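Worksheet: one structure, shown below.
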Amino acid sequence: MRLIVKYLLAFSFLFLIIIGTPLRARSASILIPMDDAQKDHLKSYGVAFWVLKNGGEVDWLLNYRSGSFLTKYEKKVEDECKVRGISYEVLTDAKVNEIETQISDPSVNMDLVKLEKAPRIAVYSPKIGVTPSDDAVILVLKYAEIPFDIVYDEEVLKGDLPKYDWLHLHHEDFTGQYSKNYRRYRSQPKFMEDRKLQEATALRLGYKKVSQMKLAVAQRIRAFCAGGGFLFAMCSGADSIDIALAAANTDICDAVYDGDPADPMAQSKLDFTQTFAFRNFTVDVDPFSRRFSDIDVSYARRIDPTHDFFTLFDFSAKWDVVPSMLTQDHERVIKGFRGLATAFNKDKLKPDVTIMGELKTANEARYIHGEYGKGQWTFYGGHDPEDYQHNPNDPPTDLSLHPNSPGYRLILNNVLFPAARKKKQKT
């Protein structure tokens, strides 16, 4: 009898210890929800990146609560969530197992992707002259507290790109036509100063023309992608790089840009096998036109801003893992926004390009993806997801006013994408 009492007392003591232990001490994981429960979607990506940077792993739960993140419970991770002001939930082993079982169900359009290593990030952007402070990618990387380096023509031509996993192209003109701003800004000192700086850089690096230097840069960027790099471009960075690559064996620049006239046979000499995304486009060699080509539909579209939205495609998370990652969002219909290149003419896309976002009432794609060699690229039309018509002298967007921006989330999906463990192709 005494022995039974002794065991009962011991069991009761152990039970009291267990129920008295704080939930966090018995918890397995931290869930960062990415549905409407999240207070700051953009900074949530920064915490996921921070975990990876500090040697941890993150599970990206595709289509579970709008693409939530799951990581092992550590007090320092919880503290980081608190400091950055993001919503999080502490889960027990049992709850984690329940979520993983739900995700693994073949009938459910969800998947779990492991993020293992923080990608090394570079932004191709001027360091002096034209300020990059209003570039959407720079803005969101800073807001999310994700570290990056700025590289420009000299670093690219010196061979620095292999140091990085992910490269974003600032709103650049790779054709050497200074964003075709000659007619509008030729009398402004800032435009002329930037032009002189570009010309001096080209000469210093051994090129007679800016267009020749930019072509060499575009070809290095293409080689970076072919070697396994991840390329992301917005606005004119997306279409102008393909135009420059296609025009490698001709001259599409008028004398006002490079001192000699454009090749009258330039159109017939374009080589579309050299491009990432676009083919069969017609270049605009008029120096006073703002258009580069008919890739961008900006000058033909007549859409009221209040009706300018594009829709994200729904992909199979278990079969089309890459586009599923890139389209994770808490909203499927995204506000449109303009830029030097606003949207891409679907008729000019190569057949293997994946359209991830489109305006259904028009023949335009807003968000596209593809592979090149061993690498992958994503092009996103427009300048700033939270500034419909951004002008050169407008102040940069204050992202603290837009912490749940679905348009900016698409950028950050691309930032985390290179961290994913490579999976075997199912198709």
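The values are calculated or read from the model by the stated rules, or taken from the named source; none is laboratory data. Just so it is clear, the structure is predicted and the values come from calculations on it, not from any experiment. In this analysis, Cβ positions are derived from the backbone assuming ideal geometry, glycine residues included, and neighbour counts consider all displayed protein chains. Remember, those area values only see protein heavy atoms, side chains included, never the ligands or the DNA or RNA. Shrake-Rupley method; radii C 1.70, N 1.55, O 1.52, S 1.80 Å.
For residue 273, are the conditions met, namely being closer than 25 Å to residue 352 by Cβ, touching a strand residue (DSSP E or B) at 6+ places or on another chain (Cβ under 7 Å) and either basic (Lys, Arg) or open to solvent by 50 Å² or more (accessible area, probe 1.4 Å) (or both)? When the stated conditions are applied, residue 273 does not pass them.
Just one of the numbered conditions (1) in contact with a Leu (Cβ under 6 Å, 6 or more places away or on another chain); (2) buried (at least 22 other Cβ atoms within 10 Å of the Cβ); (3) farther than 30 Å from residue 220 by Cβ is not true of residue 328; which one? The one condition residue 328 does not meet is (1).
Of all residues in the stretch 359-388, those satisfying the criterion of being touching a residue at least 60 places away in the same chain (Cβ under 8 Å), more than 22 Å from residue 86 (Cβ to Cβ), part of a loop (DSSP other than H, G, I, E, B) and not basic (Lys, Arg) are 362, 363, 373, 381, 382, 383, 384, 388. The residue pairs whose first member lies in the stretch 40-65 and is closer than 19 Å to residue 119 by Cα and open to solvent by 30 Å² or more (accessible area, probe 1.4 Å), whose second member is part of a strand (DSSP E or B) and among the aliphatic types (A, V, I, L, M), and whose beta carbons are closer than 9 Å, counting only pairs six or more residues apart or on different chains, are 57/115. Do any residues in the stretch 291-319 that are of a type in the set (Lys, Arg) have Cβ atoms under 6 Å from those of residues that are open to solvent by less than 30 Å² (accessible area, probe 1.4 Å) and not in a loop (DSSP other than H, G, I, E, B), where the two are at least six apart or on different chains, and which pairs are they? The qualifying pairs are 318/111.
Residue 347 is checked against (1) assigned to a loop (DSSP other than H, G, I, E, B); (2) open to solvent by 40 Å² or more (accessible area, probe 1.4 Å) and fails just one. What number does that condition carry? So residue 347 meets the others, but not (1). Would you check if residue 138 is aliphatic (A, V, I, L, M), surrounded by 20 or more Cβ atoms within 10 Å (Cβ to Cβ) and farther than 19 Å from residue 322 by Cβ? Spelling it out, it is not the case that residue 138 is aliphatic (A, V, I, L, M), surrounded by 20 or more Cβ atoms within 10 Å (Cβ to Cβ) and farther than 19 Å from residue 322 by Cβ. Whether any residue in the stretch 375-386 is over 26 Å from residue 289 (Cβ atoms) and of a type in the set (A, V, I, L, M, F, W, C) is what I want to check. Checking the stretch 375-386: at least one residue is over 26 Å from residue 289 (Cβ atoms) and of a type in the set (A, V, I, L, M, F, W, C). If the condition is being open to solvent by 10 Å² or more (accessible area, probe 1.4 Å) and basic (Lys, Arg), then the stretch 360-389 contributes 360, 374. Mind listing whichever residues of the stretch 203-251 are assigned to a strand (DSSP E or B) and under 21 Å from residue 163 (Cβ atoms)? Selection gives 230, 231, 232, 233.
Could you tell me whether any residue of the stretch 278-292 is under 22 Å from residue 378 (Cβ atoms), of a type outside the set (Gly, Ala, Ser) and at pLDDT below 95?
Within the stretch 278-292, one or more residues are under 22 Å from residue 378 (Cβ atoms), of a type outside the set (Gly, Ala, Ser) and at pLDDT below 95.
In this structure, is residue 16 open to solvent by 70 Å² or more (accessible area, probe 1.4 Å) and either farther than 23 Å from residue 406 by Cα or modelled with pLDDT under 95 (or both)? Taking the combined requirement at face value, the residue satisfies it.
Look at the stretch 95-122: where a residue is within 14 Å of residue 65 (Cβ to Cβ) and a partner is aliphatic (A, V, I, L, M) and part of a helix (DSSP H, G or I), sitting 6+ places away or on another chain with Cβ atoms under 6 Å, you get 110/103; 112/103. From the list 189, 162, the lone residue that is at pLDDT 95 or above and open to solvent by 10 Å² or more (accessible area, probe 1.4 Å) is 162.
Look at (1) under 29 Å from residue 86 (Cα atoms); (2) surrounded by fewer than 21 Cβ atoms within 10 Å (Cβ to Cβ); (3) at pLDDT 90 or above and you find that residue 417 fails only one, number (2).
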